[in-house]
Amino acid sequence: MANFDLTRINCQFLDRHLTFPLLEFLCGKEIYNQQELLEYILETVNKTNMIDYTMDTRKRLNLSQEMPEELVQRKAEVLATLKQLQNEVAPIMKATDILKNGESMKDSKTFVNALQKDYNFKVEHLESAYKLAKYLYECGNYQESTSYLYFCLIVMSPNDKNYLNVLWGKLAAEILTLNWNTALEDLTRLRDYIDSANFSTIQALQQRTWLIHWSVLVFFNHPKGRDLIIEMFLYKPLYLNAIQTMCPHIMRYLATAVVINRTRRNALKDLIKVIQQESYTYRDPITEFLECLYVNFDFEGARLKLHECQTVILNDFFIVACLNEFVEDARLMIFETFCRIHQCITISMLADKLNMKPNEAECWIVNLIRNARLNAKIDSKLGHVVMGTQPLSPYQQLVEKIDSLSMRSEHLAGLIERKSKQKQNQESADSWKYY
Amino acid sequence: MSRFFANGSDSESESSEDEIQATNFNKASAFQFSDDEEEVKRVVRSTKEKRYENLTSIIKTIRNHKKIKDIPNTLSSFEDLTRAYQKALPVISKEENGITPRFYIRCLAELEDFINEVWEDREGRKNLSKNNSKSLGTLRQKVRKYIKDFEDDLSRFREAPDQESEAEDEVVALESDGGDAGDDSDSGVKPTEAAPKAVKTAPAKAAPADDDDSDDSIDWDSDSESETESSDDENQYQNMRERFLKRTTEKEEKDDDKRKDKRKEQKIKIRKRAEDDEDGEWETVVKGHVVEKPKMFEKDAEIDVPLVLAKLLEIMSARGKKRTDRRLQIDLLFELRDISDQHNLGTAVSVKIHFNIISAIYDYNQKISEPMKLEHWALLLEVMQSMMKLLLANADIIMSESVAEEHEEYVTAPFYVRGCPLAAVERLDDEFVKLLKECDPHSNDYVSRLKDEVNVVKTIELVLQYFERSGTNNERCRIYLRKIEHLYYKFDPEVLKKKRGEVPATTSTSVDVMDKLCKFIYAKDDTDRIRTRAILAHIYHHAMHDNWFQARDLVLMSHLQDNIDAADPATRILYNRMMANLGLCAFRQENVKDAHHCLVDLMVTGKPKELLAQGLLPQRQHERSAEQEKIEKQRQMPFHMHINLELLECVYLVSAMLLEIPYIAAHEFDARRRMISKTFYQQLRSSERQSLVGPPESMREHVVAAAKAMRCGNWQACANFIVNKKMNTKVWDLFYESDRVREMLTKFIKEESLRTYLFTYSNVYTSISIPSLAQMYELPVPKVHSIISKMIINEELMASLDDPSETVVMHRSEPSRLQALAMQFVDKVTNLVDVNEKVFDMKQGNFFQRGNMGNRGDRGYNRNQNNQGGNWLGQRRDRNNRNRNQRGHHKNNQDRQQQQQQQVQTIDEE
């Protein structure tokens, strides 16, 4: 299944620290050679300051039990730097702690004023707080890092050169500490900042691409994320463009999100349009499944693709949690489409198309009928499901069509009337002006 | 002959040119001889001369008229001539002892010959216009009558037409004015630089052979200031000379006469060399001067860089002046180059001289609109290449426009030379295109011209290398664009091979080269025009090689369709060409809808030929002036870049057919039916109007016949009409992978026929078996299944599938007449409300939209999506639509009352 694995591509757009969960996940999946993966992890870890993690990886690689000299030295260095930075920031942090309890915390401006007045706060302090946060992050101490970053965010003005970095850092740290609620907040803040800041087109595109990748992590873990991901990726032209030009593979996540979101069925149409447009640059079983089902109406193909989808999802870190939901919803989609087209279906065929046993399928359909989601009857003698669709009578058609007309016309008339009244008023007012 | 016509068959234009020259000449003369003294002396003019001149000028017009067979004018001129001769008679009898002048006799003889010739040529006579043939008769009679008086002279003339007596005449004539001038010009003439032609001489041997020459020599008798009548420059030069002569007799010779004289003689020699390629009218001769080769430099002068440069400056300073002999300049420069090469003055000087040669050659051709002479162009190419080789071989020479003249450096490295090879090569390229356009595209001439394209490309390549080494971004962009323009329309089969993996992926194809060049331009260009053209060429190239998606994405991303209207005509033509090719590409890549979208704008006007600049339409009632036509001609594409119009139209019609026929079938009773393709409809309707439809002949007839077959769902006949031997040779074989295209076509025809069949005949079935449909249309069952499913989902077909029996069950109950009418009426009312809203919307801006967002949000959104994905035509079409709607609205308002009446009726019926 290595050919559908996106980790390699995704990692290009993620922070070094964010890739570790992905890589660790892959370690458990036996798609790639374990040894190679671990070596790659070690290489990546070496670029950070996470000495313990390095050691751990070395152990897993059976390199040596002993800590090499160089690492020991580095550890000492790291600790020393950390100490020094902490010392620099300590007084300010203390002050913050005190102020936190007071009233001034509510507004960042009053907070900064208070800091400056009472505690001799300077810009250099902010700089060092930022440095410390970054250093902590590099050491893997995300929790503490977030608190410093939070401080920075409050105090810093949005024009500061580090502001963007702080935003990114905050988001990464929140993701790594699995604080999805705050992560979502940070995400929106970052997005607003990117959309409003004056980047050159290329820069903006790059920033957005990164944001898209990071946000996938948040969206699939936050309860509200499933709506938001559709909103952001599909209905914000800027982001849709970014996906189309830079990272069409994101279509997989978008497609998954649409499939598992029953309330947003109308997004499907737009999604399919995009998928078709981009089909030459990117296709995988999930997009192909939708294409089979909604473009070609090839149910056999859809069945096969659904089968493939399961393995793909199982091996994808981002969406592995949605596997069951996905399969269930995909089945429902196949069945719905089926019902719209057919008036009579054999249960055995249906079971075949849905990757189910006939008994299970019958059970499933019965449940659907009972929940009133399906207007149908089962003919158990022949093993058929007969749809209860009635063709639209001409009268119904007529009524449907004129339904809104009078409302619309009335509305229009009302508007015009209002408009003309306004005008009259204005005119009379105008005519007085000259006296 | 053709050249003569091209230059202006109306004598008007010619004379106007002459006038210009003449006035210029006047200016020059005024400038040179402002002394009063001379003004007084120049009045001498004998009656003989006056009369003779009059005669000769009339003779000349007669000759001109004869050349273009303008018989009425010949007749009138002949009458003038006889009258003039009558006037001249006393002089003749006095001066020439009553002997008729030879030139007069010659004219009569020629006239007679001419008339006989025309008279004899029965075929030609029939073709003459009424006016012409009438005057021919009159002329013939008159001349016959008239020449009876000269019979003796004529017979004598005919015995020996080329006698020396003529030469004698000339000599006499010359002597006569030479006598005026005193002892003649061997040493005495001192022309200024500006008038080198005045003293041009040549042996008399050329004279008898050429009529023109003898004429001119007669002209020299005149001593007058006749500027406008004489159309020949030589006359004026002659006059000039005579002025000189008169003056020089009274003035002292100057010291440097000797040298000037030598110079003059050299010019003559050069002139002889060049004579082969010159037109007859320029080969004028003046007798009596001894010629001698002039030197560039003094014999003992030490030739070094400053001296050569000074000389160069001297030569070039004459540039652009009216009197300068432009050919002479070129020759002098060549000589200078040889000298500098002989003396090893360094490559920088050589480059400079090369560059000056190039500009001198460009100067030679004064009219921009006309192509330069072929041999000049060849010479230019050669010089250009050798200059670029010099530049490339010597990295220490920097040639640029930005080098100011005072900063030029020729002695020590690094050398700085002022000049711009870019402009030169651009002009070279332009001239090449002009030369191509001059040829008949179907002749061998064109092919042999086209062979030079390789050389042009090579030269561009050289310049490109030079600018890649040292050049600003802007210059690089410009030269890249030149290369792109030679590259983009050429098909490279390697690209497709590479796509199929037949050639290793590392081979560099033209697409790769284009990518590289265009990307540089996208990144570095700061003028919008170069980028736009590069994008267009890039898309064209992609489309040509079936890279449909890349091409489409480039179009969509560039947003060209929004602002192409503001571009210059050449760019718009390129845009049209690009769209045409994109349409063809979409068609090959099985995207019929997109193909139609791309082509519709070109075809709907009915003049794709003009839009693609592949020829002018025959004009109706002088729609455009000559001026306009000239400009339009300049814009035309050379023939080898043309896009086959028949192919284009066929692809358009076929894709329109594939879209339109099922649509018609589906909306047969629909009141709101719109036409997808107007052009296609026209074809269809015109064929329906025919009382008797024969078997199809032309491409259009084939498509129409196919469309008719498709309407009955008869795919076999339809496919046969589209894909057959005739159509293959006419159209389909023009595609690179024609077999694939044909297969694709058959597939589409099957599918669309099936759809049409279902739409048309669904009301006579209650159920249809899918396998039998599949058999009918020779399609696989799953494919049929999928097509029907799609129709059901889109609610085009009121039916559902019955899985156990594999049939389609129709639900559609045919509405009664009343119901159908009611439905139609509802449609109309809906339309009215829609339009009302739209009008209000437009008048009020966004006000309304806010109020109605909830109702229409979804629909509006979908429309936007459509725009993003599929609407190629962008704003222009939108605007059209809006206009149409507006118009529709007014009509609707008028209809309203009718509708209300109708409503009453329907209600009554109910």
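The values are calculated or read from the model by the stated rules, or taken from the named source; none is laboratory data. Note that this is a predicted model, so its numbers are computed, not measured. No Cβ is skipped: glycine too gets one built from the backbone with ideal geometry, and neighbour counts run over all protein chains shown. These area figures cover heavy atoms from the full protein model, side chains too; ligands, DNA and RNA do not enter into them. Shrake-Rupley method; radii C 1.70, N 1.55, O 1.52, S 1.80 Å.
Taking a ≥ b ≥ c as the square roots of the eigenvalues of the Cα gyration tensor of chain A, is the shape rounded (a/c under 1.5), prolate (a/b larger than b/c) or oblate?
oblate
The apolar share of the surface of region A:130-181, taken as the fraction of accessible area on carbon and sulfur atoms (1.4 Å probe, ligands and nucleic acids excluded), comes to 50 percent. Shape of region B:334-450 from the C-alpha gyration tensor: prolate (a/c of 1.5 or more and a/b above b/c, with a ≥ b ≥ c the square roots of its eigenvalues).
In this assembly, the A-B interface accounts for approximately 3800 Å² of buried accessible surface in total, computed with a 1.4 Å probe and without ligands, DNA or RNA. Region B:51-79 and region B:112-158 have their alpha-carbon centroids 14 Å apart.
Average partner chain C-beta neighbours within 10 Å, per residue of A:296-308?
Values: counts 7, 10, 5, 4, 2, 2, 0, 0, 0, 0, 0, 0, 0.
The mean count of partner-chain Cβ atoms within 10 Å per residue comes to 2.
Quick one: of A:LYS273/A:LYS377; B:LYS69/B:LYS730; A:LYS421/B:LYS838; B:LYS67/B:LYS130, which pairs are farther than 30 Å apart, Cα to Cα? Check vs 30 Å cut-off fails for A:LYS273/A:LYS377; B:LYS69/B:LYS730. Going by Cα centres, region B:424-493 and region A:340-380 are how many Å apart? Computed from Cα coordinates, the inter-centre distance equals 69 Å. To the nearest ten degrees, helix A:299-314 and the longest principal axis of the Cα atoms of chain A are 20 degrees apart.
Please give the per residue accessible area of region B:645-761, computed with a probe of 1.4 Å over protein heavy atoms only, in Å².
Details: 5400 Å² over 117 residues.
About 46 Å² of surface per residue is accessible.
Using a 10 Å cut-off on Cβ atoms, rank the peptides B:538-546, B:754-762 from the highest mean neighbour count down.
On the way: B:538-546: 25.3, B:754-762: 21.0.
Per-residue Cβ counts within 10 Å, averaged per peptide and sorted highest first, yield B:538-546, B:754-762.
Per residue of peptide A:337-345, the mean number of Cβ atoms on other chains within 10 Å of the residue Cβ is 6.
Sorted on the mean count of surrounding Cβ atoms within 10 Å across their residues, most packed first, peptides A:288-297, B:150-159, A:193-202, B:134-143 read A:288-297, B:134-143, B:150-159, A:193-202.
Can you tell me how region B:645-761 classifies by the Cα gyration tensor, rounded, prolate or oblate, using a/c under 1.5 as the rounded cut?
Values: a/c = 1.70, a/b = 1.37, b/c = 1.24.
It comes out prolate by the Cα gyration axes.
The H on the amide N of B:ILE398, modeled in the peptide plane, is under 5 Å from the matching H of B:PHE415, B:TYR416, B:VAL417, each at least 5 residues off or on a different chain.
Under 5 Å from the amide H of A:ASP379 lie the amide H atoms of A:HIS384, A:VAL385, A:VAL386, each residue being 5 or more positions distant or on a separate chain, with H modelled from the backbone and absent for Pro and chain starts.
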